[in-house]
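The values are calculated or read from the model by the stated rules, or taken from the named source; none is laboratory data. These numbers were taken from a predicted model, which means no experiment stands behind them. Virtual Cβ from ideal backbone geometry, glycine too; neighbours counted across all protein chains shown.
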Amino acid sequence: MSRNIVQISYEDQDRKGRYVARIEGVEGEGELTISKVSDVLIIADHTYVPDTMRGSGAASALVNRLIEDARAKGQRIVPLCPFVRAQSLRHPEWSDVIQN
């Protein structure tokens, strides 16, 4: 697969939210869903990337955007999603936003 740029957008849905990953010319979209417990605490529920996007870095791009947004908003993340939890263990520098 050629290295296409992963575009990440965010959709706000009241107490829920959804990060969406798209790659131009690639079918499907990846997503990372969150639940908002409060203004400062969010739960990373689920990450999904279709087979057409596997190996593209889309899932990592979703988590990186989540981390960036949480830092900017002063939020803490509870990583219930196994992928987000695994990434948080690989990135100790995220400890300012990850709530274990």
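Looking only at segment 12-38, filter to residues that are hydroxyl-bearing (S, T, Y) and in contact with an Asp or Glu (Cβ under 7 Å, 6 or more places away or on another chain); which one of those is nearest to A61 (Cα to Cα)? Lay out the reasoning, then the answer.
Restricting attention to segment 12-38, the residues satisfying the condition of being hydroxyl-bearing (S, T, Y) are 19, 33, 35, 38.
Then keep just the ones that are in contact with an Asp or Glu (Cβ under 7 Å, 6 or more places away or on another chain); that gives 19, 33, 35.
Numbers: Y19: 10, T33: 14, S35: 19 Å.
So, considering only residues that are hydroxyl-bearing (S, T, Y) and in contact with an Asp or Glu (Cβ under 7 Å, 6 or more places away or on another chain), the one nearest to A61 (Cα to Cα) is Y19.
Go through segment 1-19 and report how many residues are surrounded by 15 or more Cβ atoms within 10 Å (Cβ to Cβ) and under 13 Å from the mean Cα position of the chain (by Cα). Steps first, please.
If we filter segment 1-19 for residues that are surrounded by 15 or more Cβ atoms within 10 Å (Cβ to Cβ), which is where we start, we get 4, 6, 8, 17-19.
If we keep only those that are under 13 Å from the mean Cα position of the chain (by Cα) as well, we get 6, 8, 17-19.
Counting residues in segment 1-19 that are surrounded by 15 or more Cβ atoms within 10 Å (Cβ to Cβ) and under 13 Å from the mean Cα position of the chain (by Cα) gives 5.
Could you tell me which of the residues L62, L41, L80, L89 is of a type outside the set (F, W, Y), without any contact (Cβ under 8 Å) to a residue 60 or more places away in the chain and touching a Leu at 6+ places or on another chain (Cβ under 9 Å)? Give the steps one after another, and end with the answer.
Details: L41 fails: touching a Leu at 6+ places or on another chain (Cβ under 9 Å); L80 fails: touching a Leu at 6+ places or on another chain (Cβ under 9 Å); L89 fails: touching a Leu at 6+ places or on another chain (Cβ under 9 Å).
Sole residue among the options that is of a type outside the set (F, W, Y), without any contact (Cβ under 8 Å) to a residue 60 or more places away in the chain and touching a Leu at 6+ places or on another chain (Cβ under 9 Å): L62.
Could you grab me the full set of residues in segment 79-100 that are among the hydrophobic types (A, V, I, L, M, F, W, C) and surrounded by 15 or more Cβ atoms within 10 Å (Cβ to Cβ)? It would help to see each step written out before you state the result.
Within segment 79-100, the subset among the hydrophobic types (A, V, I, L, M, F, W, C) is 80-81, 83-84, 86, 89, 94, 97-98.
Within segment 79-100, C81, F83, V84, W94, V97, I98 meet the criteria.
Could you list, in sequence order, the residues of segment 70-83 that are part of a helix (DSSP H, G or I) and over 14 Å from A21 (Cβ atoms)?
The answer is A70, R71, A72, K73, P82.
Yes or no: segment 69-78 includes at least one residue that is surrounded by 12 or more Cβ atoms within 10 Å (Cβ to Cβ) and either among the small types (G, A, S) or closer than 12 Å to L32 by Cα (or both).
yes
Given the conditions (1) of a type in the set (S, T, N, Q); (2) modelled with pLDDT under 95; (3) within 17 Å of N100 (Cβ to Cβ), report the number of the one that Q75 does not fulfil.
(2)
Quick check on segment 37-53: of everything there that is aliphatic (A, V, I, L, M) and within 19 Å of D14 (Cα to Cα), which residue is surrounded by the most Cβ atoms within 10 Å (Cβ to Cβ)?
Here is the first cut: in segment 37-53, the residues aliphatic (A, V, I, L, M) are 37, 40-44, 49, 53.
Next cut, within 19 Å of D14 (Cα to Cα) only: 37, 40-44.
Values: V37: 13, V40: 12, L41: 14, I42: 23, I43: 18, A44: 27.
So the residue we want is A44.
Taking V26, is it touching a residue at least 40 places away in the same chain (Cβ under 8 Å), surrounded by fewer than 20 Cβ atoms within 10 Å (Cβ to Cβ) and either part of a loop (DSSP other than H, G, I, E, B) or not basic (K, R) (or both)? Step through it out loud before you land on a result.
Values: touching a residue at least 40 places away in the same chain (Cβ under 8 Å): no; surrounded by fewer than 20 Cβ atoms within 10 Å (Cβ to Cβ): yes; either part of a loop (DSSP other than H, G, I, E, B) or not basic (K, R) (or both): yes.
Taking the combined requirement at face value, the residue does not satisfy it.
Output yes when any residue across segment 41-48 is more than 12 Å from the chain's Cα centre (by Cα), over 26 Å from N4 (Cβ atoms), among the charged types (D, E, K, R) and outside any loop (DSSP other than H, G, I, E, B), and no when none is. Spell out the reasoning first.
Step one: of segment 41-48, the residues more than 12 Å from the chain's Cα centre (by Cα) are 41.
After this cut, where a residue has to be over 26 Å from N4 (Cβ atoms) as well, the list is 41.
Right, trim to among the charged types (D, E, K, R) and you get none.
No: segment 41-48 contains no residue that is more than 12 Å from the chain's Cα centre (by Cα), over 26 Å from N4 (Cβ atoms), among the charged types (D, E, K, R) and outside any loop (DSSP other than H, G, I, E, B).
Scan segment 49-63 for residues that are charged (D, E, K, R) and either in contact with a Gly (Cβ under 8 Å, 6 or more places away or on another chain) or assigned to a helix (DSSP H, G or I) (or both) and report the count.
Initially, segment 49-63 is screened for residues charged (D, E, K, R), giving 51, 54.
Now restrict to residues that are either in contact with a Gly (Cβ under 8 Å, 6 or more places away or on another chain) or assigned to a helix (DSSP H, G or I) (or both): 51.
The total comes to 1.
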